[in-house]
Protein chains: 2
Amino acid sequence: MINTVAIQGVKGSFHHIVSEQFFEQPKDIIECETFDEVVDSLLAGQCDAAIMALENSIAGSIIPNYALIDNHGLHIVGEHYVDVQHNLMVLPGQEIENIKEVYSHPMALLQCKEFFKKYPHIKLVEDKDTAEVAQRIREQNLQGIGAIASLKAAEIFNLDILAKSIQTIKSNETRFAIVKRKNSEIPENEINKASIKFEADHKRGSLATILNVMSDCKLNLTKIQSLPIIDTPWKYAFFVDVTFAAYADFKKAQSVIEIMGQSFKILGEYKNAKL
Amino acid sequence: MINTVAIQGVKGSFHHIVSEQFFEQPKDIIECETFDEVVDSLLAGQCDAAIMALENSIAGSIIPNYALIDNHGLHIVGEHYVDVQHNLMVLPGQEIENIKEVYSHPMALLQCKEFFKKYPHIKLVEDKDTAEVAQRIREQNLQGIGAIASLKAAEIFNLDILAKSIQTIKSNETRFAIVKRKNSEIPENEINKASIKFEADHKRGSLATILNVMSDCKLNLTKIQSLPIIDTPWKYAFFVDVTFAAYADFKKAQSVIEIMGQSFKILGEYKNAKL
């Protein structure tokens, strides 16, 4: 049973939105400042699951989060996609002319830079989170300050939206993992996606050989990411996601790759959220 | 001839260090706040080349920079690796007990978090750059403030190093690209590495087929990164780096992949900096 979920950020953050959308029932939320704290909370048994962003369509993979899952032997038990839309919000009754400063996460500011070119009187200031600024504006009753955050954050902290979807690239899909200490126990016939990691040499064809096995076993590749292994020149770790129709096909590929590849590891077996 | 080089950050930044190490002669430097500005400067002809970080061994690919190079039709004409080491620096005559706040780039702060656990009296504050803080400490004669930046920054701004290599993961290699508007003109027999981009379907085996061609043509893969193509479900772009002994082998692979893959594009042909 999942009762308590650790998220990066405060309520109203995109990690919180994932928790609300993924689980049928609302969960108790542990708000963490960093992903390290999220993982610490999970390892200490303070929560039953954690939510971690894995990649987005603009910036690509969030490798440090893959490393956290990998290094601590955690398991991805589900995935969820959110179309991250940034909105400008302020205390009720204020107009854009009244806003002197807008605080948000550096990535959010970067994505919304174009919008603010029309408003040169507004100073953009980097902050550690998106929703937390919304919370601060409400709690400290900050006039003249704007936050860039989710609609959910505006709702929770009772702020007015001055402008919706102000990011330059309108489609900004982010993929989140639901992570647990132990593997999930969903029935085999419901598993149709897996995240795996293996190592291979720089040697000609070594990756192609492994991908051929996957192809022969009817696995579809939905993501691949190489990462040089620190202190081991010419050796690479590959983070790969595959989808499949039959779990038995995946197990067959696994048994072959375990022989051919090195350090084969399953980071998670779960249900594909994109069908 | 390359006379002027645009970098992200100020002098003393790691991009500046790349310029100093890659080129035989010192270049005029254009300091830019963002990578967008770096590219604008290059496109406007204000500089002859630009330096852009592409990936590092901790965080992986810097996808937005790949996108900038790809979208603006720029060319990678060289690569350079720097082992990024973070150092704590202050105005001369101060000890760690005197330091109240340390400012740096969020990524640098994250990488040095462990070190500062020993010094709970120091507040860590996010800033937009590493070397720029060093510059500010010097110009505004800021007592009690520390910067986390390169040894080069300490040298340029005449600051004292209180602690060297304070990041948790000691090996932090970052790969930089030297980028121009036009392709380089180095002789074919000196070209032994290329960065390419192509698209392929989610379809079983479509990537493996292309990697097989590369393997057959004696290309070694040193990096692969998939990126979902926005608004085109199940279609992926792949950013791939290959090394080879003979340029003719690369051209042979290119002509086959151009037929099989979609939107094949060479982002750069250059000399492998890692041998």
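The values are calculated or read from the model by the stated rules, or taken from the named source; none is laboratory data. A quick note: this is a predicted structure, and the numbers were derived from the prediction, not measured. All Cβ positions, glycine included, derive from the backbone under ideal geometry; neighbour counts span all protein chains shown.
Taking the criterion of being closer than 29 Å to A:Leu54 by Cβ and more than 14 Å from chain B (Cβ to nearest Cβ), the residues of the range A:160-174 that qualify are A:Ile161, A:Ala163, A:Lys164, A:Ser165, A:Ile166.
The strands (runs of 3 or more DSSP E) located wholly in the range B:49-99 that include 2 or more residues which are over 16 Å from B:Ser150 (Cβ atoms), assigned by TED's automatic domain parsing to the domain that holds B:Gly9 and of a type in the set (A, V, I, L, M, F, W, C) occupy B:49-56, B:75-83. The conditions of being of a type in the set (D, E, K, R), at the interface with another protein chain (Cβ under 10 Å from one of its Cβ atoms) and closer than 23 Å to A:Tyr81 by Cβ are not met by A:Arg204. Scanning for something among the aliphatic types (A, V, I, L, M), over 26 Å from B:Phe244 (Cα atoms), part of a loop (DSSP other than H, G, I, E, B) and not assigned by TED's automatic domain parsing to the domain that holds B:Glu31, does the range B:135-148 turn up at least one residue? The answer is yes, given that some residue of the range B:135-148 is among the aliphatic types (A, V, I, L, M), over 26 Å from B:Phe244 (Cα atoms), part of a loop (DSSP other than H, G, I, E, B) and not assigned by TED's automatic domain parsing to the domain that holds B:Glu31. Looking at the range B:171-180, is at least one residue farther than 30 Å from B:Lys113 by Cβ and modelled with pLDDT under 90? Checked against the condition, which is being farther than 30 Å from B:Lys113 by Cβ and modelled with pLDDT under 90, the range B:171-180 yields no hits at all. In the range A:81-132, of all residues being of a type in the set (Gly, Ala, Ser) and farther than 13 Å from A:Ala153 by Cα, the one that is nearest to the other protein chains (Cβ to nearest Cβ) corresponds to A:Ala108. No other residue among B:Pro120, B:Pro106 is in contact with an Asp or Glu (Cβ under 8 Å, 6 or more places away or on another chain), outside the structural domain of B:Lys252 (by TED's automatic domain parsing) and not small (Gly, Ala, Ser) apart from B:Pro106. Look at (1) crowded, with 16+ Cβ neighbours inside 10 Å; (2) over 27 Å from A:Gln21 (Cα atoms) and you find that A:Lys203 fails only one, number (1). Just one of the numbered conditions (1) within 14 Å of chain B (Cβ to nearest Cβ); (2) more than 16 Å from the chain's Cα centre (by Cα); (3) buried (at least 19 other Cβ atoms within 10 Å of the Cβ) is not true of A:Tyr66: (2).
Determine whether the range B:42-55 contains at least one residue that is buried (at least 23 other Cβ atoms within 10 Å of the Cβ), under 11 Å from the mean Cα position of the chain (by Cα) and of a type in the set (D, E, K, R). Yes, the range B:42-55 contains at least one residue that is buried (at least 23 other Cβ atoms within 10 Å of the Cβ), under 11 Å from the mean Cα position of the chain (by Cα) and of a type in the set (D, E, K, R).
Could you please let me know if A:Glu185 is without any contact (Cβ under 8 Å) to a residue 40 or more places away in the chain and either of a type in the set (A, V, I, L, M) or surrounded by fewer than 19 Cβ atoms within 10 Å (Cβ to Cβ) (or both)? Let's see the steps before the verdict.
Working: without any contact (Cβ under 8 Å) to a residue 40 or more places away in the chain: yes; either of a type in the set (A, V, I, L, M) or surrounded by fewer than 19 Cβ atoms within 10 Å (Cβ to Cβ) (or both): yes.
Yes: the conditions hold for A:Glu185.
Taking the conditions exactly as written (under 18 Å from B:Leu227 (Cα atoms), at the interface with chain B (Cβ under 7 Å from one of its Cβ atoms) and touching a residue at least 40 places away in the same chain (Cβ under 8 Å)), does A:Lys223 satisfy them or not? For A:Lys223, the condition - under 18 Å from B:Leu227 (Cα atoms), at the interface with chain B (Cβ under 7 Å from one of its Cβ atoms) and touching a residue at least 40 places away in the same chain (Cβ under 8 Å) - is met. Residues that are of a type in the set (A, V, I, L, M, F, W, C) and touching a residue at least 60 places away in the same chain (Cβ under 8 Å) were ranked within the range A:86-141; the one that is surrounded by the fewest Cβ atoms within 10 Å (Cβ to Cβ) is A:Ile96. Checked across the range A:165-175, the condition of being of a type in the set (Gly, Ala, Ser) and surrounded by fewer than 18 Cβ atoms within 10 Å (Cβ to Cβ) holds for at least one residue. Only one entry of A:Leu110, A:Leu124 meets the criterion of being of a type in the set (A, V, I, L, M) and either in a helix (DSSP H, G or I) or within 30 Å of A:Ile196 (Cα to Cα) (or both), and that entry is A:Leu110.
Checking the range A:133-151 against the condition returns a match, with at least one residue being at pLDDT 95 or above and within 14 Å of chain B (Cβ to nearest Cβ).
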